[in-house]
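Values in this text are rule-based calculations from the coordinates and carry no lab data. No experiment lies behind these values; they were computed from the predicted model shown. Glycine gets a Cβ as well: all are built from the backbone with ideal geometry, and neighbour counts include every protein chain shown.
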Amino acid sequence: MIRIRPYKAADANTILSWCQDEIAFYKWTAGVLGNYPITQNEFRSVESLMPFTAFDETGIVGFFTLRNPNESLDELRFGFVIINPEKRGKSYGKTMLRLGLKFVFEIYGAKRATLGVFENNLPAYYCYKAVGFDDVILDATETYCVLGEEWKCKELMMENV
């Protein structure tokens with residue numbers, strides 16, 4: 001059974017080990033945390049957010065952060081969502097996100113949850129859609145220059161109904 005708890009600095013080694021190459025790293029972080037490979041010390045910046053670790057009887061299986069992009073808690077934004085590669089494709093991501101959404105809506109009482117995902121990260125996009133996130137049509141698409149390429153970011157949202 002998957003559960004979530006507040007992130008502990010001791011979780012960093014395990015979480016960072018899941019990004020075995022630059023492309024996976026930048027799909028996960030968009031370079032916001034620094035350049036590949038980042039150190040445990042650089043990863044400490046997530047502690048200024050609301051970081052969560054997902055775990056089951058085998059140990060740590062996932063990680064995500066929440067932050068409020070506005071002054072109010074009406075919106076909480078998921079970030080740095082990652083699942084142990086050995087657990088992908090087995091509903092771990094969906095289960096972890098559902099637990100996170102329960103926290104967003106029931107504990108914090110937010111009205112909506114949002115996140116961004118790169119268009120070239122289809123497994124993550126389909127996971128978010130399966131959990132109930134909807135595409136948001138924006139006037140301008142957010143883009144990042146990653147490894148000399150332009151990566152477009154899709155905006156997704158779920159409202160508490």
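Restricting segment 90-100 to residues that are out of contact with any helix residue (DSSP H, G or I) (no Cβ under 7 Å at 6 or more places or on another chain) and in contact (Cβ under 8 Å) with a residue 24 or more places away in the chain, which is surrounded by the fewest Cβ atoms within 10 Å (Cβ to Cβ)?
Here the answer is LEU99.
Name every residue in segment 129-151 that is touching a strand residue (DSSP E or B) at 6+ places or on another chain (Cβ under 7 Å) and over 19 Å from ILE23 (Cβ atoms), in order of residue number. Explain how you work it out, then say what you get.
Here is the first cut: in segment 129-151, the residues touching a strand residue (DSSP E or B) at 6+ places or on another chain (Cβ under 7 Å) are 132-136, 138, 141-144, 150-151.
Residues satisfying the conditions are GLY132, PHE133, ASP134, ASP135, VAL136, LEU138, THR141.
Please identify the pairs in which a residue from segment 135-150 that is within 19 Å of TYR125 (Cα to Cα) has its Cβ atom under 7 Å from the Cβ atom of a residue that is of a type in the set (Phe, Trp, Tyr) and surrounded by 10 or more Cβ atoms within 10 Å (Cβ to Cβ), counting only partners at least 6 apart or on another chain.
As it stands, the answer is THR143/TRP151; TYR144/TRP151; VAL146/TYR26, since those pairs meet every condition given.
Of everything in segment 57-66 that's in contact with a helix residue (DSSP H, G or I) (Cβ under 8 Å, 6 or more places away or on another chain) and not aliphatic (A, V, I, L, M), which residue is farthest from PRO6 (Cα to Cα)?
GLY59
Test each condition in (1) in a strand (DSSP E or B); (2) buried (at least 21 other Cβ atoms within 10 Å of the Cβ); (3) more than 13 Å from the chain's Cα centre (by Cα) for ALA110 and report the one that comes out false.
So ALA110 meets the others, but not (1).
Among what's in segment 46-75 and is free of Cβ contacts under 8 Å to residues at least 24 places away in the same chain and loosely packed, with under 13 Cβ neighbours inside 10 Å, pick the residue that is farthest from MET158 (Cα to Cα).
My answer is THR58.
What number goes with the only condition from (1) assigned to a helix (DSSP H, G or I); (2) within 23 Å of ASN121 (Cα to Cα); (3) under 15 Å from the mean Cα position of the chain (by Cα); (4) not charged (D, E, K, R) that PHE103 does not pass?
(2)
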